[in-house]
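Chemist: First the structure, then my questions, so here it is.
Just so it is clear, none of the values below were taken in a lab; they were calculated from the coordinates. All values reported here derive from a predicted model rather than from experimental measurement. Backbone-built Cβ (ideal geometry, glycine too); neighbour counts: all protein chains shown.
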Amino acid sequence: MSIKKLIKWIIPYGIYATYRNCKNKHETMHRGRIESVISLDEMRINIGKDWISHPYYDDAEEWVNGFWSENSTFYKSFCQLDCTNIVELACGHGRHIPKYLDKAKSITLVDINQQNIDFCKKRFLNETKIKYVTNTGSNFNGIESNSQTAIFTYDAMVHFEMLDILSYIKDANRILVDGGKILFHHSNAAFSPELNYTQKPHCRNFMSADIFAYMSLRMGFVVLKQDIFSWGSGDNFTKDIDCLSLCQKVKSINNTNLA
Ligand SMILES: C[S@@+](CC[C@H](N)C(=O)[O-])C[C@H]1O[C@@H](n2cnc3c(N)ncnc32)[C@H](O)[C@@H]1O
């Protein structure tokens, strides 16, 4: 075969091979199982119900120091909050409150479950600076606009629906004063969106550090810090499954429409 003929044959084959490689890289995924289709409202209600009464609450009292020891990621970021008027979202049975009670002038506890709010009311019966809000799972209705210096949540938003987190970030912008901060512990498990959160490691719902940063930027916040970290130990150890995001309100977004 002459060199000319060889080149004529090699070039079209090369183009075909490149095309075939590219084509093979586009995998088709089938995620259309009917059980995976559930509305956001239904899912939020299910998640709320999962946490009405749970052995978690008693066990978790014993691990609370992990969030508050001086060298923990949580504590270092918490120290950057102005606690004057602080909101704790998804307070559960209130195990974190004694750790920051003295720093705050007013505390507002928010939770989707009335049972948890009632538990905290009993636990902190004599604390006059605590207010209570039972919400519908995606906003801070009942809290005045431009009134709060900080909002935080630990060990709860990791389970929330991503679209509810977006809604919370948007409403955080409404209730915070200019310069106010959010400190949200959320999931970094942006895989298997078709799975129920209970089927994923440590019940982490679909979310990532990057998606959270993107949503915060669109909702009037700058991202001051994101710490990605692992959760669990032994067989339950899951690498980089969580994130703690600290963001600051730099712009009011009153008219932003999500619809
Ligand atoms: C695992 S517990 C954590 C409680 C508390 N943050 C702690 O660290 O002890 C999850 C909490 O999230 C609350 N929750 C679940 N879905 C919620 C939602 N969409 N909005 C607000 N709270 C929610 C539950 O009622 C429960 O109090």
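Chemist: With springs connecting C-alpha atoms under 10 Å apart, model the chain as a Gaussian network and identify which of 146, 116, 205 has the largest mean-square fluctuation.
Modeler: With Cα springs under 10 Å in the chain, the top fluctuation among 146, 116, 205 is at 146.
Chemist: Pull out the extension gain between residue 115 and residue 134, defined as 0.36 nm times the separation in residues minus the alpha carbon to alpha carbon distance; nm, one decimal.
Modeler: Full-extension gain reported as 5.9 nm.
Chemist: Could you check the simple spin-label distance between residue 46 and residue 253, using points 7 Å along Cα→Cβ, in nm with one decimal?
Modeler: 2.8
Chemist: Under the Karplus relation 6.51 cos²θ - 1.76 cosθ + 1.60, θ = phi - 60°, what is the ordered set of whole-Hz ³J(HN,Hα) values for the range 227-241, x standing for Gly and Pro?
Modeler: Listing the rounded values in order: 10, 9, 8, 8, 9, x, 9, x, 5, 8, 5, 10, 5, 6, 8 Hz.
Chemist: Once amide H atoms are placed 1.01 Å from N in the peptide plane, what residues at a sequence separation of 5 or more from residue 189, or on another chain, have their amide H within under 5 Å of its amide H?
Modeler: Sorted by chain and number, the residues that satisfy this are 207.
Chemist: Give the relative contact order (percent, whole number) for the chain; include only Cα pairs under 8 Å separated by 6+ residues.
Modeler: 15
Chemist: Between beta-carbons, use under 9 Å as the cut-off and find the net charge around residue 43, counting Lys and Arg +1, Asp and Glu -1. Walk me through the numbers on the way to the answer.
Modeler: Details: positive: 44; negative: 41, 42, 161, 164.
Combined, the nearby Lys, Arg, Asp and Glu give -3.
Chemist: Subtracting the Cα-Cα distance from 0.36 nm times the residue separation, let me have the gained length for residue 106 to residue 238 in nm, one decimal.
Modeler: Gain on extension, residue 106 to residue 238, equals 43.9 nm.
Chemist: If you build a Gaussian network model of the chain, linking Cα atoms that sit under 10 Å apart, which residue out of 30, 185, 54 swings the most?
Modeler: Fluctuation is largest for 30.
Chemist: I need the GluC sites (Glu not before Pro) found in the range 129-199, filtered to DSSP loop residues with at most 11 other beta carbons within 10 Å of theirs.
Modeler: Sparse-neighbourhood loop GluC sites (Glu not before Pro): 144.
Chemist: Could you list 246, 40 so that the one with the fewest beta carbons within 10 Å of its beta carbon is first and the one with the most is last? Walk me through the numbers before you get to the answer.
Modeler: Numbers: 246 22, 40 14.
Going from least to most buried by this count: 40, 246.
Chemist: Tally Lys and Arg at +1 and Asp and Glu at -1 over the other residues with C-beta under 14 Å from the C-beta of residue 65: what net charge comes out?
Modeler: So the environment of residue 65 carries a net charge of -3.
Chemist: Among the listed pairs 76/99; 76/181; 200/249; 225/249; 129/181; 200/239, which have their C-alpha atoms separated by more than 22 angstrom in this model?
Modeler: 200/249
Chemist: On a straight-distance basis, which aspartates and glutamates could pair with residue 131 in a cross-link, Cα separation under 19 angstrom, same-chain partners fewer than 8 positions away excluded?
Modeler: Result set, ordered by chain and number: 82, 88, 102, 111, 118, 144, 171.
Chemist: Another question, then. Around residue 231, under 12 Å between beta carbons, what's the net of Lys plus Arg minus Asp minus Glu among the other residues?
Modeler: Result for the neighbourhood of residue 231: 0.
Chemist: Let me ask something else. For the range 80-182, just say rounded, prolate or oblate: build the C-alpha gyration tensor, square-root its eigenvalues into a ≥ b ≥ c, call rounded for a/c under 1.5, and beyond that prolate if a/b exceeds b/c, oblate if not.
Modeler: Judged from the Cα gyration tensor, the range 80-182 comes out oblate (a/c at least 1.5, b/c at or above a/b).
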